[in-house]
Amino acid sequence: DLTMPLSRHTGQIPESTWTLSFREMTEPWKGAVGCLGVAVFFAMTIGIISWQALEQPPEEWVLRGRDAGMLWERGRGALLLRALPAGRPVLAIAVGSVPATEPPPPRDRCWHDGRQFCYSWEEDAELRLSLEPPAAPGTECYSVRWTPLRTDMTLKDCFSMANVSWYGGPSIRAQRWPLNGAESPAQPLVSGDLSKNPDGFGPLLERYFLGSTGVTVTVAPDVSLLLSLESHQQFCLETQAGRAEPLHYQLCVSTDVAAAHRHTTSAPAGAARTLPDTVLLGDFPPRRSPIWRYHGPEGSAAKIKRGLRSLVRRLKRHRLQEGVVALGEHGTAVLAATDLVPSGRRKRQAPALVEPLELSITLSPYAGVTSPLFLRSLSGGEAAGYWLSRQPRPGASSIPLLTTWKGQLCARLNVTSEAALGWYLARARRLRQALGATYVAFEGVEGNSFLEQDVPAPVELEGDRYTEALAAALATLGNGTIISAGSRSSHLPLFVQMSPLRSDWSHAGLKGLIPSVLHYSLLGYNFFIPDAIGGSEAGATPGDPELFVRWLQIVTFLPVMAFGTPPWLCCDTWVLNLTRQCIQRHRDFVVPLLLKYSEEWQSLGYPIFRPAWWLSPTDPVAFTIEDEFLIGDEVLVAPITEKGQTWRDIYLPGEGHLWLDTNTARVFDGGTTLRNYSASLAEVPVFVK
């Protein structure tokens, strides 16, 4: 009996002994087995990652509309805009402020109805894309909003120039059409004075960019940002460091570049578009074109009066006795300081200064700190607020913000003060009446004085709000007002004076004229006054008769002809006779066209001066033509802009149209290029559709 239990026990004990023995045997191998397990785990992980990398596409849709959609490109961290259904590439936006390698998740964080996409990059920034209600039929718009999640975050989006020609934005010293050939470091997107800062942005600026693929980029007006232009690569919008402000803009996609701009301008505007005084164009008697700039003696009021009368006598002698004589700011100030005639007789006698021509005077919002104007304005307590001031510390009095204007230390008019504006406008009206002037030109409207002095600006004067506010105030003086800048003011009845150009053949001179014309007109500023024929800044070829003639031929087809150097001083009798012919052609042929298309601009917002792509919106050849322009849809002007040339290639836009050469009566097909087309010094190629 005892042996049986013993044998059962001996049957279990060896089993137990074997298990213990197995554990003892495997103990030295535990490390090896653990390593093997880790290796298998890593192999599986790498395999999964590799599978995901192979399976996941490099681009991922994040928001899709009916006509277009946006994708995220993983490799370089870019937003891609594509037109549907074919997926035509429209725009690539390189995102420079967040890690490119981190892709958005398959599902966004907005949790809406598919019209928005949201994503956050940890503690850097948040992206919100929204499909906007259609602004016009045939267009689709997206709101792009970046919000920084920390105070030192700088947001930056760069818009590729690869296969896209860009237009709009700021004016620059050597204007380009398209903008792709321009170069500019990152600087505030604010209008400026090119004579003070040649590398800065010019006096005309809108936060609107148009791409040849049918895309528009419109930056919100309340966003303070920097713009950089990298030649033939990209342009970038960037928030200012340390301000923790959002970057917000709208993208709109249309079928082509012309449709994109038409849809933008046809959108309901905040105010009706109004025309300036079209008599200045030379509409009907009294003829008020061209403009003759006075460059005579200005040492005293008596010398100025003699100089003006001398200029008028010379104009009469050369049978050029119609138009406007323009007096500069210094000459205006000299006359303003002198009691010319008894106050009761001023209105009746003053026009004798330049009869039978009209007079234009020049003012600015600046006053020299030693000038009687500035000192008188400070005599009253209320008048102390007439000038821009530094923001005072609590309990301290305000100090005028001093800046320079034409080499003098000056104060600048405070456009946020109703009292200051009322005083300034009343003074302008008195001067206009006292001097018998028909037109008043205002220089120095552009620029942000706080930004120039690196002083914080009050909220109401950030960006270009000074220019916008002053333009609105000056428009109340009537439609005979000329200003030197434009920003969100194209709807006002104002003429805009273009920046001075150099007296040479470069893009800072003659070659920059047509790009500037196209730029101003695209942004809605059709009633501009070009710089004086031949250029008003000293260049490489001063007094060049050929340059004068080629310049004259272009300006003939613009709203207003302006002369600095009279033709009898620069050139021979042949040029003088050509000048008379061009003035007559401007009145008989050009002005009726401008009036016709000004009605279209008022109702639809279309530019009067149009690029070649307006009639050929899908032809890549048309996107880079910067030496031709259309007046409306029916006249093509293709002047010579190269020294010594008497021929050029001419692109005739509009496939299916026919073009008549007004010089030879020959007819050509649209959508073609005429090679080595003849244009002697006496001719400018002009075609009528």
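The values are calculated or read from the model by the stated rules, or taken from the named source; none is laboratory data. None of the values given here were measured: they were computed from a predicted structure. Virtual Cβ from ideal backbone geometry, glycine too; neighbours counted across all protein chains shown. To get the accessible areas, we keep the full protein, side chains included, count just its heavy atoms, and leave off ligands, DNA and RNA. Shrake-Rupley method; radii C 1.70, N 1.55, O 1.52, S 1.80 Å.
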Scanning region 239-265 for residues that are over 17 Å from the mean Cα position of the chain (by Cα) and of a type in the set (S, T, N, Q), which turns out farthest from GLY524 (Cα to Cα)?
GLN240
How about region 676-689: which of its residues are in a loop (DSSP other than H, G, I, E, B) and open to solvent by 20 Å² or more (accessible area, probe 1.4 Å)?
SER680, LEU681, ALA682, GLU683, LYS689
Determine, yes or no, whether LEU658 is open to solvent by 50 Å² or more (accessible area, probe 1.4 Å) and within 18 Å of TRP505 (Cβ to Cβ).
no
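Each row is one residue, and each column tells you yes or no for (1) surrounded by 22 or more Cβ atoms within 10 Å (Cβ to Cβ); (2) within 13 Å of the chain's Cα centre (by Cα).
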{"site": "SER184", "(1), (2)": "no, no"}
{"site": "PRO198", "(1), (2)": "no, no"}
{"site": "VAL217", "(1), (2)": "yes, yes"}
{"site": "LEU237", "(1), (2)": "yes, no"}
Determine which single condition ALA135 fails, assuming it passes every other condition in (1) open to solvent by less than 20 Å² (accessible area, probe 1.4 Å); (2) at pLDDT below 95; (3) hydrophobic (A, V, I, L, M, F, W, C).
(1)
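Of everything in region 626-640, what is open to solvent by less than 20 Å² (accessible area, probe 1.4 Å) and of a type outside the set (Gly, Ala, Ser)? Give them in sequence order.
The answer is GLU628, PHE629, LEU630, ILE631, VAL635, LEU636, VAL637, PRO639, ILE640.
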Quick test of your reading of the structure: ARG348 fulfils all but one of (1) modelled with pLDDT under 90; (2) under 30 Å from TYR606 (Cβ atoms); (3) open to solvent by 70 Å² or more (accessible area, probe 1.4 Å). Name the failing condition by number.
(2)
Mind checking which pairs have a first residue in region 70-87 that is within 14 Å of GLU140 (Cα to Cα) and a second that is among the acidic types (Asp, Glu), Cβ under 7 Å, 6 or more apart or different chains?
ALA83/ASP67; LEU84/ASP67
Of the listed residues (LEU205, LEU210), the one being at pLDDT 95 or above, assigned to a strand (DSSP E or B) and in contact with a His (Cβ under 8 Å, 6 or more places away or on another chain) is LEU210
So which pairs qualify, if the first residue must be in region 195-210 and touching a residue at least 60 places away in the same chain (Cβ under 8 Å), the second must be open to solvent by 10 Å² or more (accessible area, probe 1.4 Å) and aliphatic (A, V, I, L, M), the Cβ gap must be under 6 Å, and the two must be at least 6 apart or on different chains?
GLY202/ILE172; GLY202/LEU194; GLU206/LEU523
Of the residues that sit in region 357-380 and are among the aliphatic types (A, V, I, L, M) and in a strand (DSSP E or B), which one is farthest from VAL415 (Cα to Cα)?
LEU359
Out of (1) buried (at least 19 other Cβ atoms within 10 Å of the Cβ); (2) over 17 Å from ALA83 (Cβ atoms), the odd one out for VAL253 is which?
(2)
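Determine, yes or no, whether GLY656 is without any contact (Cβ under 8 Å) to a residue 24 or more places away in the chain, under 18 Å from LYS689 (Cα atoms) and more than 24 Å from the chain's Cα centre (by Cα).
Criteria met by GLY656.
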Hey, any hits in region 565-581 for a residue that's under 31 Å from the mean Cα position of the chain (by Cα) and of a type outside the set (Ser, Thr, Tyr)?
no
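Does ALA469 fit the bill of being in the same structural domain as VAL517 (by the TED database), under 30 Å from SER603 (Cβ atoms) and out of contact with any helix residue (DSSP H, G or I) (no Cβ under 6 Å at 6 or more places or on another chain)?
Values: in the same structural domain as VAL517 (by the TED database): yes; under 30 Å from SER603 (Cβ atoms): yes; out of contact with any helix residue (DSSP H, G or I) (no Cβ under 6 Å at 6 or more places or on another chain): yes.
It is true that ALA469 is in the same structural domain as VAL517 (by the TED database), under 30 Å from SER603 (Cβ atoms) and out of contact with any helix residue (DSSP H, G or I) (no Cβ under 6 Å at 6 or more places or on another chain).
Between SER143, SER160, SER130, SER171, which is at pLDDT 90 or above and open to solvent by less than 10 Å² (accessible area, probe 1.4 Å)? So that I can check it myself, show each step before the final result.
On the way: SER143 fails: open to solvent by less than 10 Å² (accessible area, probe 1.4 Å); SER160 fails: open to solvent by less than 10 Å² (accessible area, probe 1.4 Å); SER130 fails: open to solvent by less than 10 Å² (accessible area, probe 1.4 Å).
Selected residue: SER171, the only one of SER143, SER160, SER130, SER171 that is at pLDDT 90 or above and open to solvent by less than 10 Å² (accessible area, probe 1.4 Å).
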In region 580-628, what count of residues is obtained for those that are more than 19 Å from THR213 (Cβ to Cβ), of a type in the set (Val, Ile, Thr) and touching a strand residue (DSSP E or B) at 6+ places or on another chain (Cβ under 8 Å)?
2
